[in-house]
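Student: Structure below; questions to follow.
No value in this document is a laboratory result; all are computed from the given coordinates. Every value quoted in this text rests on a predicted model; they were computed, and no experiment measured them. Note: ideal-geometry Cβ built from the backbone for every residue, glycine included; neighbour counts use all protein chains shown.
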Amino acid sequence: VTAVAAAAVALVAVAGYGAVRLWQADLAVAGLDIRIVQPSIEQKDKWRPELRDEIFQTFLDMTQAPLGGAARVGQPRMVVWPESAVPFLLTQEPGALFRIDQSLADNTELVTGAIRAEPGLQGADYFNSVFVIGSEGTVQGIYDKVRLVPFGEYVPFKPLLELLGISNLAGPLEGFEAGYQPRVLTTSESFGFLPMICYEAIFPGSLDGVSKRPDFLLNVTNDAWFGRTPGPYQHLAQARLRAIESGLPLIRAANTGISAVIDPKGRVVAKLAIFERGLIDARLPQRLGNTLYGSIGDGPALVFSFFIVVFAGVYQYNRNSRIN
């Protein structure tokens, strides 16, 4: 009975905190107009060499498209492309940064996912990255993905597996190096954002290790891998939790969907349907104050869970002792 009562009290407390959070007055928008580009490139076409320029031109054309009639926003100051948007090494492709600059309006910058390479000890090291590209095609900031997908972007315990004669367990993109740590990038208008690439958005505690609380979260992903399954919907739902737990809005650009703008209460302000080619022109929602979870993290919950397990063990031990 005591355990049930404790669980009920905890449930009511959590529900009450959530209700109060939702009832807080909505804040004004943050003043940053954003365009999200969802090109809906099928996975089977994404890395075909003969389609490289066509795919790149699709992004450029969508970036320059006029504002929608009902957008009610100004000229975007930030354009967001999804994970590994262009099917080549962006900074090593002649003329690519120049063409991006020509597609951007004045005082507009591009945030895009792209693969990058740099010299390593045994040839090139490859990273799954986010680039901030400003005027004249200059690279103003880079974030390298920290949490790589096992057997998708790297093979865990690869030397051991090779020793056992087991190889080729990952897909064609296996071989990425992990970034050092999460980092906040800054726009030219001094908006700080925390990039999360693909499934990095499913992990709680996204702000752990970040010295400065950003203005928003940014998730770029290529959910074409999932096909027509529940995966893209589950991925979006998990990304929404990052907004709720941090009190920060979240901008999400997905290749084939579901791209969205999510406010700091976890509500979807705007989105594109899965496998829809389109744009979202929206204004960044204002962030809220820090949340309880953002302040204390997982520690209290882990301590509470520990004592629940100990209590249950002691209770069961005493019960068995009485029976015997």
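Student: Please label the shape of region 230-309 as rounded, prolate or oblate, based on the square roots a ≥ b ≥ c of the eigenvalues of the alpha-carbon gyration tensor (a/c under 1.5 means rounded; beyond that, a/b larger than b/c means prolate, else oblate).
Tutor: Taking the square roots of the gyration eigenvalues as a ≥ b ≥ c, region 230-309 is oblate.
Student: How long is the chain along each principal axis, judged by its Cα atoms, biggest number first, in Å?
Tutor: Sorted largest first, the three principal extents are 80, 60, 37 Å.
Student: Kirkwood-based Rg over Rh for region 195-253 (C-alpha set), two decimals?
Tutor: On the way: Rg = 11.6 Å, Rh = 11.8 Å.
Computed over Cα atoms, the ratio is 0.98.
Student: Tabulate in residue order the Karplus-calculated ³J(HN,Hα) for region 73-80, using 6.51 cos²θ - 1.76 cosθ + 1.60 with θ = phi - 60°, rounded to whole Hz; enter x for Gly and Pro.
Tutor: After applying 6.51 cos²θ - 1.76 cosθ + 1.60, I find 10, x, 4, x, 9, 9, 10, 10 Hz.
Student: Relative contact order for the chain: what is it in percent, counting Cα pairs under 8 Å that are at least 6 residues apart? Could you put the intermediate results ahead of the total?
Tutor: Working: 596 pairs, mean separation 60.9, N = 324.
Answer for the chain is 19 percent.
Student: May I pose another question? Most mobile of Leu110, Leu160, Leu288 per a Gaussian network model of the chain (Cα springs, under 10 Å)?
Tutor: Taking springs between Cα atoms under 10 Å, the residue moving most is Leu160.
Student: Explain nothing, just compute: Karplus ³J(HN,Hα) = 6.51 cos²θ - 1.76 cosθ + 1.60, θ = phi - 60°, for every residue of region 251-266 in order, whole Hz, x for Gly and Pro.
Tutor: 3J(HN,Hα) across region 251-266, in whole Hz: 9, 10, 10, 10, 4, 10, x, 10, 6, 6, 10, 10, 7, x, 9, x.
Student: Here is a further query. For region 228-275, just run the numbers: alpha carbon Rg, then divide by 2.2 N^0.38 Å, N being how many residues it has.
Tutor: On the way: Rg = 10.1 Å, N = 48, 2.2 N^0.38 = 9.6 Å.
Compactness ratio reported: 1.06.
Student: What ranking do 179-187, 89-97 get when scored by the average of other Cβ atoms within 10 Å per residue, highest first?
Tutor: Details: 179-187: 16.4, 89-97: 14.3.
Highest to lowest by the protection proxy: 179-187, 89-97.
Student: Given the peptides 36-44, 191-199, arrange them by the average over their residues of other C-beta atoms within 10 Å, most packed first.
Tutor: On the way: 36-44: 19.8, 191-199: 23.2.
The densest-packed peptide leads the list: 191-199, 36-44.
Student: Moving to a separate point now. What are the membrane-span-like helices in the chain by this rule: whole DSSP H runs, Cα extent along the axis at least 24 Å, mean Kyte-Doolittle hydropathy at least 1.0? Intermediate values should be presented prior to the final figure.
Tutor: On the way: long enough: 2-23 (31 Å, 1.66); 299-323 (36 Å, 0.73).
Passing helices, by number: 2-23.
Student: Here's something else I'd like to know. GNM on the chain, C-alpha springs below 10 Å: top fluctuator among Val155, Val309, Val79?
Tutor: Per the Cα network of the chain with a 10 Å cutoff, Val309 tops the list.
Student: Okay, moving on. Based on alpha-carbon positions alone, could you give the equivalent ellipsoid semi-axes of region 173-222 from the gyration tensor, as √(5λ), descending, whole Å? Can you show the working numbers first?
Tutor: Numbers: eigenvalues 82, 32, 26 Å².
Over the Cα atoms of region 173-222, the semi-axes work out to 20, 13, 11 Å.
Student: Among 239-251, 53-65, how do they line up from the highest to the lowest mean number of other beta-carbon atoms within 10 Å?
Tutor: Details: 239-251: 23.8, 53-65: 15.7.
The densest-packed peptide leads the list: 239-251, 53-65.
Student: While we're looking at this one, here's another question. Counting only other residues whose beta carbon sits under 15 Å from that of Tyr180, what net charge do I get with K and R as +1, D and E as -1?
Tutor: Numbers: positive: Arg116, Lys145, Arg147, Arg183; negative: Glu118, Asp125, Asp144, Glu177, Glu200, Asp208.
Computed value for this residue: -2.
Student: Here's another thing I want to ask about it. Starting at the first residue of region 34-45, write each ³J(HN,Hα) from the Karplus equation 6.51 cos²θ - 1.76 cosθ + 1.60 with θ = phi - 60°, in whole Hz, x for Gly and Pro.
Tutor: Values per residue, Gly and Pro as x: 10, 10, 9, 9, 10, x, 6, 8, 5, 4, 5, 9 Hz.
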